[in-house]
Amino acid sequence: DFDFTDYMFNKWDFYYANQGNIVYAANPRYNEFSGTVTSLLKNRVIFVTDDYGNVKAFQLSDIPIVINGKKDSIDNLENSRIKVVYEDNSFNGDVVGIIAYKRTDVMVLEKNDLYKSGSKIFAGKYLPTNSKFEINLNKLHIYGAASSLEEIKTNDVIYFYETEESNKITALTLYVFRKQVSGVVTYIENINNITYYTVNNINYKTGENFIYVEPTSVNDNVELILDKDKNIIKINILDYGKLPSTFGIVISSLGNTSASPTAKILDELGKYNTYSLADNSSVVNVIESDSNLFKQTSLRANDLVKFDSVTNGPVKIINTLQSKYIASNYNAKTLTLSNGNWLSADTFIVYATDGKYQLLELSQLGTYLEGKAVVNSYGHIDAIYLNKGIKEPIFVAITPEVLPSYNGTVYGIVKSVTKVDNSTSNVLFFNNSNVFTISNASSAGMKISSVLNYYSRAVIVNGTITNIDKVTPETEKIKITQIYSNQMLIDSITYMEYSSNVLVYNCTTDDLGNITSFKLGSKYDIKSGTTAQLYDLYGGFDGIIDVILVFN
């Protein structure tokens, strides 16, 4: 069972075991020179460069050539790893034969590629077998960082040299290279389609077999997988250096043994989404147990996070924010807490009760706040999750007639909400004399407190509000610089066209910004220096302003 392939064309002393089989060869009579074919000329002269940079030229007559254990021709020698067997003076035609190995594939091994005991397949390749359909170990050669299939590890770079005869792999040589570098990327440069990455103050370049996985950025913590030439063949990102941009709160999370963990998150824009979490995100821990993977997430319900939202694929950039518990009185005029911390319009504010979450505006906060907050080094509260601190809606006792038959959409500002009983309230708008009912347990009923002091759209069915939302303005509150017959100049920069029958409402606010009066006016109430908010509601969103709120 001795494999003579690597000993061909030479004369040896062979050693036998007691059973009569050859086990060892030594003392070659002919010279041998090993290296890579770096040039092949038409006159059958080849140049071979060894691992130390030494170059030899050989004139080849009609001598036998074996590539990957199979008879082949000189035409296929270029770039092959070869052993030249020659008598003495190589250029005088005394080459006896050539043993060559030509790479058929290169691969970075994944976990699923690792050898499984008893299998006749490794990394998708059929292993050579004998007549009994057992692995023919004499035709399977493994060199480099491993000497057996079981020793090969994840992220090893494998170079395959396959011999195929009659559609069957009859011999297989594997060269295993194992070299990884971990660190933070500090510089990236692309020159002539080759990318250079600086890690640990050393420049590494991508090799010819580079496997692209995902974009790599400066400040990413990476693991570079290097090939036999010490060039990058693959980059694994361990942690992302990019700072996330969107605040959110985790509603629930779930680990999974067969897929990515997931987290349901409410973000600062009011969107609920269930996201899958990437294995290399900072909130996932991958545990290997025998042949199984168990993926856990460190995220828990009510964790405050900052992340980059995605529409497709898993979330990769996400950080859990460190928070502290606060319980302090709150001054709505100065936006400060008695403990010295302060809020701003940029603060992400979430309130939850009975498992229901809602985003709050500053105007909805009461005089006492309790919950957990993310506080920066300047004392600013970047995000806060409250279990106490929402201002109760102002309930005003009214007794107008309820008109249950009304159907349609009402635009306006809520004047009052009156609790009828535990299940129902009455709602009155400033600019509508009708009284509408709303179910306290409905989604509209739970949102009613969040639309107070905002121009809103309410859908009415048989006198009951079934949905209510803030209307998105074309601008936030801005200064009117100049008014013309059908245009206005805002903030001394932009001209906006307004409709000839534009609706103008005059809003009066108190010291805390709460609207106390909302009356229909005219376009003559729009003057230079007026603070206003502009809406485009009609005409198919044609960019022409048709509703203006003037604030006094």
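The values are calculated or read from the model by the stated rules, or taken from the named source; none is laboratory data. As the structure is a prediction and not an experimental result, all values here were calculated from the model. Backbone-built Cβ (ideal geometry, glycine too); neighbour counts: all protein chains shown. Please note that ligands, DNA and RNA were not included when accessible areas were found on the heavy atoms of the full protein model with its side chains. Shrake-Rupley method; radii C 1.70, N 1.55, O 1.52, S 1.80 Å.
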Residue ID - modelled with the lowest pLDDT, chosen from residues in segment 105-119 that are surrounded by fewer than 12 Cβ atoms within 10 Å (Cβ to Cβ) and closer than 20 Å to K168 by Cβ: G118
Residue count for segment 506-552, restricted to those that are at pLDDT 85 or above, of a type in the set (F, W, Y) and more than 46 Å from the chain's Cα centre (by Cα): 1
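Does K125 satisfy being of a type in the set (K, R), in contact (Cβ under 8 Å) with a residue 12 or more places away in the chain and open to solvent by 70 Å² or more (accessible area, probe 1.4 Å)? Steps first, answer last, please.
Working: of a type in the set (K, R): yes; in contact (Cβ under 8 Å) with a residue 12 or more places away in the chain: yes; open to solvent by 70 Å² or more (accessible area, probe 1.4 Å): no.
Taking the combined requirement at face value, the residue does not satisfy it.
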Restricting segment 175-208 to residues that are in contact with a Phe, Trp or Tyr (Cβ under 8 Å, 6 or more places away or on another chain) and in contact (Cβ under 8 Å) with a residue 40 or more places away in the chain, the residue that is most open to solvent (accessible area, probe 1.4 Å): Y175
Those residues of segment 70-91 which are assigned to a loop (DSSP other than H, G, I, E, B) and open to solvent by 40 Å² or more (accessible area, probe 1.4 Å), in sequence order: D72, S73, E78, N79, E87, D88, N89
Residue list for segment 18-52, restricted to those being assigned to a loop (DSSP other than H, G, I, E, B), open to solvent by 50 Å² or more (accessible area, probe 1.4 Å) and more than 20 Å from F4 (Cα to Cα): L41, K42, N43, R44, D51, Y52
Residue in segment 94-104 that is at pLDDT below 90 and either open to solvent by less than 20 Å² (accessible area, probe 1.4 Å) or more than 26 Å from V157 (Cβ to Cβ) (or both) present: yes
Residue match in segment 111-121 (condition: in contact (Cβ under 8 Å) with a residue 24 or more places away in the chain and either in contact with a helix residue (DSSP H, G or I) (Cβ under 6 Å, 6 or more places away or on another chain) or part of a strand (DSSP E or B) (or both)): yes
Complete set of residues in segment 2-17 that are assigned to a loop (DSSP other than H, G, I, E, B) and closer than 19 Å to K70 by Cβ: F2, D3, F4, M8, F9, N10
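Restricting to segment 465-507, and then to whatever is of a type in the set (S, T, Y) and surrounded by 13 or more Cβ atoms within 10 Å (Cβ to Cβ), can you tell me which residue is nearest to N440 (Cα to Cα)? Give the steps one after another, and end with the answer.
Going through segment 465-507, the residues of a type in the set (S, T, Y) turn out to be 466, 472, 475, 481, 484-485, 492, 494-495, 498-500, 505.
Imposing the further condition that a residue be surrounded by 13 or more Cβ atoms within 10 Å (Cβ to Cβ) reduces the set to 466, 475, 481, 498-499, 505.
Details: T466: 11, T475: 32, T481: 43, Y498: 38, S499: 38, Y505: 29 Å.
This residue is T466.
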Among (1) under 21 Å from T530 (Cα atoms); (2) open to solvent by less than 50 Å² (accessible area, probe 1.4 Å), the one test that S456 misses: (1)
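Report the residue count in segment 231-265 for those that are farther than 18 Å from T216 by Cβ and in a loop (DSSP other than H, G, I, E, B). Working first, answer last.
Going through segment 231-265, the residues farther than 18 Å from T216 by Cβ turn out to be 245-265.
Now drop any that are not in a loop (DSSP other than H, G, I, E, B), which leaves 245, 255, 257-261.
Count: 7.
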Strands (runs of 3 or more DSSP E) wholly inside segment 289-380 containing at least 3 residues that are at pLDDT below 90: 292-297, 356-359
K83 vs. criteria at pLDDT 90 or above and of a type in the set (K, R): yes
